[in-house]
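The values are calculated or read from the model by the stated rules, or taken from the named source; none is laboratory data. A quick note: this is a predicted structure, and the numbers were derived from the prediction, not measured. Note: ideal-geometry Cβ built from the backbone for every residue, glycine included; neighbour counts use all protein chains shown.
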Amino acid sequence: MHFLKTLIGTQKGTTSKGISQLKEYLSHLGYMNHKSSTTLTQQTDDFFDDDLELAVKNYQTFFNLAVNGIMDANTIAQMSLPRCGVSDSFNLNRSHELYLRIPTLASHYIFFPGEPKWPPTKRSLTYSFPSGEQTDVNSSILHATQIWASVSPFTFSYTPNYDQADIKISFQYRDHGDGNSFDGPGGILAHAFAPSDGRLHFDGDERWVDGVTPGAFDLQTVGLHELGHVLGLGHTNDTGAVMYPDIGDDLRKDLGQDDINGIKALYQF
């Protein structure tokens, strides 16, 4: 996320190094449609155009920032925070204009497009880790599954059979073949896929701990967040919810009421 440092004050009509990376970042998070630039298109891509202004405004709306379409200090500070790599928003119409679901006062939770969910016959989910990883992370993930089980119709159990598990949890590095590359320390911490894919990936370059430690990330908190995606929840802009996309270090977080309301609404129980 070093490219953000060069973008302070940029707005529609300006050209600046790093704008092409900003477009790729906001496209990855679902705020715009943008293809990765080549050397030949780099100069054009570093132009702050109408589509980027709209994407920045929608990003600012989601995170309750001043909506001005400008890469001001608060917007850059928000973008610099460690976070989940799953998109915040998904729906783009044919004119490429993004339509966020604007939360009501009663609810902020969002589902994946089409509201995918585990079938009614699948309420007991197994999870596993590749050989050699479970010793370090099993306790954190066990507690995260127990928390979700306490507020949902699901039960979770560990299986040593990684290939046959419903939820496959692993540590991955940089480009690991799923179209969602990690970026080294900081930035994107983890991601997971909607039901019933079951893949949940932590960035292996991060410092992971079980608990609250300065400069490190709590596996239980991030695992709780990513399991929410595995069950079908998207991101919320309720800062008190575990499904809020930004995840700080030195922090342990539990489910918020918005998370509970979301899982109940998705599975109708």
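Taking Asp163 as the residue in question, decide whether it is among the acidic types (Asp, Glu), at pLDDT 95 or above and farther than 19 Å from His225 by Cα. Spelling it out, Asp163 is indeed among the acidic types (Asp, Glu), at pLDDT 95 or above and farther than 19 Å from His225 by Cα. Residues in region 222-269 that are within 19 Å of Leu200 (Cα to Cα) and assigned to a helix (DSSP H, G or I): Val222, Gly223, Leu224, His225, Glu226, Leu227, Gly228, His229, Val230, Leu231, Asp259, Ile263. Which of the residues belonging to region 160-178 are surrounded by 15 or more Cβ atoms within 10 Å (Cβ to Cβ) and farther than 18 Å from Arg123 by Cα? Of everything in region 160-178, those that are surrounded by 15 or more Cβ atoms within 10 Å (Cβ to Cβ) and farther than 18 Å from Arg123 by Cα turn out to be Tyr162, Ile169, Ser170, Phe171, Gln172, His176.
Within region 181-221, work out how many residues are assigned to a loop (DSSP other than H, G, I, E, B) and not polar (S, T, N, Q).
Matching residues across region 181-221 total 21.
Every test in (1) surrounded by fewer than 16 Cβ atoms within 10 Å (Cβ to Cβ); (2) outside any strand (DSSP E or B) is passed by Ser157 save one, and that test is (2). Considering every residue within region 129-138, establish whether at least one is in the same structural domain as Ala241 (by TED's automatic domain parsing), in contact (Cβ under 8 Å) with a residue 40 or more places away in the chain and among the aliphatic types (A, V, I, L, M). Checking region 129-138: at least one residue is in the same structural domain as Ala241 (by TED's automatic domain parsing), in contact (Cβ under 8 Å) with a residue 40 or more places away in the chain and among the aliphatic types (A, V, I, L, M). Can Ser152 be described as over 20 Å from the mean Cα position of the chain (by Cα), on the phi < 0 side of the Ramachandran plot and in the same structural domain as Leu224 (by TED's automatic domain parsing)? Spelling it out, Ser152 is indeed over 20 Å from the mean Cα position of the chain (by Cα), on the phi < 0 side of the Ramachandran plot and in the same structural domain as Leu224 (by TED's automatic domain parsing). Tell me whether region 54-76 contains one or more residues that are closer than 20 Å to Phe182 by Cα, modelled with pLDDT of 95 or more and not hydrophobic (A, V, I, L, M, F, W, C). No, that holds for no residue.
Hey, does region 225-236 have a residue that's in contact with a Lys or Arg (Cβ under 6 Å, 6 or more places away or on another chain) and surrounded by 14 or more Cβ atoms within 10 Å (Cβ to Cβ)? Within region 225-236 (the criterion being in contact with a Lys or Arg (Cβ under 6 Å, 6 or more places away or on another chain) and surrounded by 14 or more Cβ atoms within 10 Å (Cβ to Cβ)), the answer is yes, since at least one residue qualifies. The single condition among (1) under 14 Å from Arg83 (Cβ atoms); (2) buried (at least 17 other Cβ atoms within 10 Å of the Cβ) that Leu266 does not meet is (1).
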